[in-house]
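Single-structure report; data block below.
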Amino acid sequence: MTRLRVCEATKRYGDTAETINVFTGLNLSVDADEFVTLMGPSGCGKTTILNIISGLTPLTEGTVEFDDKPVAAGEFSFGYVFQEPRLLDWRTVGKNIEFVLRSADINASEYDSRIDSVLRRVGLDDERDSYPQRLSGGQRQRVNLARALAIEPELLLMDEPFSSLDEVTARHARQDLLDVWYNTQKAVLFVTHDMSEAVALSDRILFINKDGNLFDEVTIDHERPRDFDDPALRETEAQLTHRFFESLQ
Ligand SMILES: Nc1ncnc2c1ncn2[C@@H]1O[C@H](COP(=O)(O)OP(=O)(O)OP(=O)(O)O)[C@@H](O)[C@H]1O
Ligand SMILES: [Mg+2]
């Protein structure tokens, strides 16, 4: 069943004198329980697509629908893990999460239990009263993820969430994400530059070129749960890298 549907989406920035066409007539969809990844070179419009779906940025033309209902610009929807963790340094981890619950109109009586349960899920139950500045980069990213999960979103948008982490921390973070996703089975739209990450996580990978055209898609049908060291995953990664290398530069 299709949950997210982006139809004939066109995004332009600027006025007629200086126009940037980010993409034209883009179509994509994400099914219930599906983990879909967008891959494409820097500047091809990946963050713009997530901003549009979340309602942060208006579309120039086209529609975004979730469960067949239009998603309106200006109404921030879904869980969104931003490319840069935008944590409020002057609030504790718990208060950072509470801030998002408050904005999402969650009943105040649920704050405590939601904060506790989401921090347990990302392995940060001891850090509820810590300030973000004393956390490591990996821990900050997990707070970022916890914040997006706390509102129990029907769709999780993730913009290169692990690209600033060292490889060991990123591996743990990917495993945490897969565990959370496996247990909640929400639709995910994920952005990465990293083919091995895309293959390890996704059900489907959408490839976008530098002109913002979605030019191909590949279904990754390796069984789950997946072992990141499985040679079969490496083989798929090598084939896709070979096939798409030119287009992803
Ligand atoms: N607010 C804005 N005003 C004008 N142009 C913008 C704005 N935001 C993004 N752009 C332009 O739109 C294009 C797409 O940017 P976007 O950030 O979506 O790319 P991206 O694929 O996420 O890149 P990266 O992989 O580097 O994060 C770029 O050419 C960028 O300069
Ligand atoms: Mg981006």
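Cβ neighbours within 10 Å, averaged per peptide: list 47-56, 236-245 in order, most packed at the top. Don't skip to the end; give the middle numbers.
On the way: 47-56: 21.6, 236-245: 15.0.
Ranked by mean Cβ neighbours within 10 Å, highest first: 47-56, 236-245.
For the chain, what D do you get in µm² per second when you plug the Kirkwood radius from alpha-carbon pairs into Stokes-Einstein at 37 °C and 0.692 mPa s?
175 µm²/s
Considering only DSSP beta bridges whose two residues both sit in the chain, what percent are antiparallel, to the nearest 5?
Numbers: 20 of 36 bridges.
About 55 percent, rounded to the nearest 5.
Sort the following peptides by mean Cβ neighbour count (other Cβ atoms within 10 Å, averaged over residues), highest first: 145-151, 224-230, 181-187, 79-85. Write out the running numbers ahead of the final one.
Values: 145-151: 24.0, 224-230: 12.0, 181-187: 15.9, 79-85: 19.4.
Output ranking for 145-151, 224-230, 181-187, 79-85: 145-151, 79-85, 181-187, 224-230.
Work out the charge dipole of the chain with +1 on the Cβ of Lys and Arg and -1 on the Cβ of Asp and Glu about the Cα centre, then indicate which of Val36, Phe244, Asn96 is farthest towards its positive end.
Asn96
Under 5 Å between amide H atoms, partner at least 5 residues away or on a different chain: which partners does Ile220 have, H built in plane at 1.01 Å?
Arg204, Ile205
List the lysines whose Cα sits under 29 Å from the Cα of Lys46, skipping any in the same chain fewer than 8 residues away.
Reachable lysines: Lys11, Lys69, Lys186, Lys210.
What 222 nm value per residue comes from the helices of the chain, counting each DSSP H run with n ≥ 4 as -39,500 (n - 2.57) and dividing by all residues, nearest 500 deg cm²/dmol? Show your work: numbers first, answer last.
On the way: 7 runs with 84 residues, N = 249.
That comes out to -10500 deg cm²/dmol.
Putting +1 on Lys and Arg Cβ atoms and -1 on Asp and Glu Cβ atoms, find which of Ile208, Pro70, Gln83 reaches farthest to the positive end of the dipole of segment 69-215.
Pro70
Throughout, read-outs are computed from the coordinates displayed, never taken from laboratory work. Keep in mind that what you see is a predicted model, and the values were worked out from it rather than measured. A quick note on method: Cβ atoms are made from the backbone with ideal geometry, for glycine too, and the neighbour counts reach across all protein chains shown.
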